[in-house]
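One structure is given below, encoded as structure tokens.
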Amino acid sequence: MSSRVPATPVRHHVRDAEHNFLPDFAWAAVGGGVALAVCIVLFMLTASWGGSLVGGGAPPISTYARELAGAFLAGFLIVLVARSLSARTR
């Protein structure tokens, strides 16, 4: 009884293993937090430099919730895509 031996051996590369995205999401959350913090600091600085407008002062930061959420998501996505692309090139 003869057994067949494959002509080329089966090779498993490290690249074939599944990639764990948990560290990528953690870095993305940090990047989103940094983007959010930068936007809040810029808002605080521009509000203090601008002074009060006709006695009303600067509006509260909660007025800009949508813009700040957008800044967080933009930072999150930028870091997530950058980490994903760098993981593929390694």
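Yes/no matrix, rows are residues, columns are (1) at pLDDT 95 or above; (2) of a type outside the set (D, E, K, R); (3) at negative phi:
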residue: His19; (1), (2), (3): no, yes, yes
residue: Phe25; (1), (2), (3): no, yes, yes
residue: Val34; (1), (2), (3): yes, yes, yes
residue: Leu45; (1), (2), (3): no, yes, yes
residue: Val54; (1), (2), (3): no, yes, no
residue: Pro60; (1), (2), (3): no, yes, yes
residue: Leu77; (1), (2), (3): yes, yes, yes
residue: Leu80; (1), (2), (3): no, yes, yes
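The requirement of being modelled with pLDDT under 95, surrounded by 10 or more Cβ atoms within 10 Å (Cβ to Cβ) and part of a loop (DSSP other than H, G, I, E, B) is not satisfied by His12.
The values are calculated or read from the model by the stated rules, or taken from the named source; none is laboratory data. Keep in mind that this is a model prediction, so the values were computed, not measured. So basically every Cβ, Gly included, is an ideal-geometry build from the backbone, and we count neighbours across all protein chains shown.
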